Every structure is written in C-alpha cells, then in structure tokens.
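The values are calculated or read from the model by the stated rules, or taken from the named source; none is laboratory data. Computed from a predicted model, the values in this text were never measured in an experiment. Positions of Cβ are generated from backbone atoms using ideal geometry, with glycine treated the same way; all protein chains shown enter the neighbour counts. Side chains included, ligands, DNA and RNA excluded: accessible areas come from the protein's heavy atoms. Shrake-Rupley method; radii C 1.70, N 1.55, O 1.52, S 1.80 Å.
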Amino acid sequence: MIRWPAEAIWEAVAPLLPGFTVEVLPELDSTNSELMRRARSGQTEPVLLVAERQTAGRGRLGRDWHSGAGDSLTFSLALPLAPADWAGLSLAVGASIAENLHPAVRLKWPNDLWLSDRKLGGILIETAGFVDAGGARQAVIGVGLNIAPRPAAGLSTPPACVRELLPQADAASVLQRVAPALVRDVLAFQQAGFAAFRLRFEARDALRDRAVTLSDGTAGTAHGVSDSGALLVHTAAGLQAIASSEVSVRPAAP
Ligand code: BTN
C-alpha cells in the first residue's frame, strides 16, 4: 500500500487556497476526466486528485496516456482561475514541475518533461467552458510522471523515469516534491501571467538553438519562447512564432 503525503500537502496548500482538499483513489479512468465531470456538475472547490491507477489516462492531442500502478504518478489539480491572460499556463506548469523534480529535467515545448531527450512526463490542461460570477474558469491541470522503468512497448524511444535521477523516489515522495510548489506557481501565474515564467521556461528549454521540424514540414532552429509562450523558430521565411498546440515539434534528424 502506498503511503501518500496527503496531510502534509494539505497543510502546505490550504492556507493559500481556502477549501482545498487532497483526495487519493485506488483507481479511476482518468483524474482529468473525473475533475472535468465534477466541474460540469458544479463542483469547483480546489482539489488535488491522485489516482494510484488510471484505466483510461488521456494525453494531449487525443492520445492515450499509459501508466502502471506503482511505476508512475498520475494526478490532477483543479481550481477556479481568473488570469488576465491564459497564454503560457501549460509552460508555467511544466517549469514548476521540472524545477521541483531535478536540475537535469528539461522542457520540450510546449510542456513535455524530458530527461536526456526522452519523455519523463506530460501535462494535460483542460478548462471548463463556463465562467463563474467572479470571472473564474475551472482549470484542470493533469500531470503524469514516469517513476520507475517501464517497457517501451511500441515507442521508438524508451521513456525516461524519475528513478534515473532520484533512485529512492516513489510516487508519494515525488508528489510531495511537486504538488505544493505547483499550487504556488499556478497562483503566481494567475497574478502575473507567463511573463514571470518565461526565463524559468527558457532555462530548461530542451529545444533551444536546436534544429526542429514542425508538423507541417517546416524546418528551422528553435529560439526560445515569446512573452505569450509561443515557440520562436528561425525558418527560411524568417522568425515564426508557433502558438498552436496542434503543432508538433521534434528535433530534426542529425
Ligand atoms: C501528454 O504528454 O500528452 C500529457 C499526459 C498527461 C497525463 C496525465 S496523468 C494525470 C492526468 N489524467 C489524465 O488522464 N491525463 C493526465
């Protein structure tokens, strides 16, 4: 049985976020799906929801997110948010998680966590369609991190895992490392937007000054991010700001 640090996280976060709760469930389809269902039914109190196992984990762009019990950490943070501008939230979340994991963790735009060019984790942010009386919208911030090695079934590059960096790590200790800081950073984003995170993202930008190919075939060199979190790419046609999350970016073949 996993001993989750629910109380310690609650104690660190509750003073910042009135009404905050921590919930751990043995199994769910997806922590994001569950919190989006709750948002749609009007439950918008801030919550950190951890699933020991997900049966239908979801990734960005409609992909599946596979994880096994014990070898990964899967959680979502839901809270009402009212930033002046939402642009760059997912990059800010990536920077927060990376900083609190280990100095070697890099970010692959927009928000994959990378270790030595292999995927260590991913972030899926969803927002409920409605806006409350205070102008806030429910944000569901889902994080999946590989903790222990997993078989690389079907993947061209085997995924990375946190134990490569922190041999003693388990899902519970990693949650304790990242969750309270994530709440603080999301609240900081609500106040100040992406500007406060741009340098933090760039300090860990895995693509900086590297040859990249966009999903439409355009080739170029990645050159950091803009104030709104768009990826800046030098191409034959000049500097392009890539804002759409539909664009996939990958290092060009050597
Ligand atoms: C990606 O890299 O495509 C994003 C993966 C996000 C996975 C996490 S696991 C917890 C939360 N619940 C989900 O169904 N997805 C996110």
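Highest GNM mean-square fluctuation among Phe130, Phe194, Phe20, for the chain modelled with Cα contacts below 10 Å: Phe130. A simple rule links phi to the HN-Hα coupling: the Karplus curve 6.51 cos²θ - 1.76 cosθ + 1.60 with θ = phi - 60°, which for segment 42-55 gives x, 8, 10, 5, x, 8, 10, 10, 10, 10, 5, 9, 10, 9 Hz, with x for Gly and Pro.
Between Gly121, Gly129, Gly224, the Gaussian network model of the chain with springs among Cα atoms under 10 angstrom shows the greatest mean-square fluctuation at Gly129. Once the Cα-Cα distance is subtracted from the 0.36 nm per residue extended length, the Met1 to Ala236 segment shows a gain of 79.1 nm.
Projecting label points 7 angstrom from Cα along Cα→Cβ for Thr157 and Asp117 puts them 0.7 nm apart.
Counting only Cβ charges, +1 for Lys and Arg and -1 for Asp and Glu, the dipole size of the chain around its Cα centre is about 400 debye. The calculated FRET efficiency for Gln168 paired with Ala8, based on their beta-carbon distance and R0 = 25 Å, is about 0.90. The phi torsions of segment 96-103, fed into the Karplus equation with coefficients 6.51, -1.76 and 1.60 and a -60° offset, translate into couplings of 4, 5, 4, 4, 8, 8, 5, x Hz, rounded to whole numbers, with Gly and Pro shown as x. The long axis of helix 171-192 is offset from the longest Cα principal axis of the chain by roughly 70 degrees.
Taken per residue, the accessible surface of the chain reaches 45 Å², heavy atoms only and a 1.4 Å probe. Normalised by the number of residues in segment 6-202, the mean separation of alpha-carbon contacts (under 8 Å, six or more apart) gives a relative contact order of 23 percent.
Would you kindly derive the ³J(HN,Hα) couplings of segment 13-27 from the backbone phi angles with the Karplus curve 6.51 cos²θ - 1.76 cosθ + 1.60 (θ = phi - 60°), listing them in order in whole Hz, with x for Gly and Pro? Here the 3J(HN,Hα) series is 9, 3, x, 8, 9, x, x, 5, 9, 10, 10, 10, 10, x, 8 Hz.
Could you work out what % of the accessible surface of the chain is carbon and sulfur, using a 1.4 angstrom probe and leaving DNA, RNA and ligands out of the count? Let's see the in-between values first.
Numbers: 6020 of 11450 Å².
Percent of accessible area from carbon and sulfur atoms in the chain: 53.
With axes computed from alpha carbons, what is the tilt in degrees of helix 31-40 against the longest principal axis of the chain, rounded to the nearest 10 within 0 to 90? Once rounded, the angle reads 70 degrees.
Here the Gaussian network model covers the chain, with springs between Cα atoms less than 10 Å apart; of Gly193, Gly134, Gly57, Gly134 fluctuates the most.
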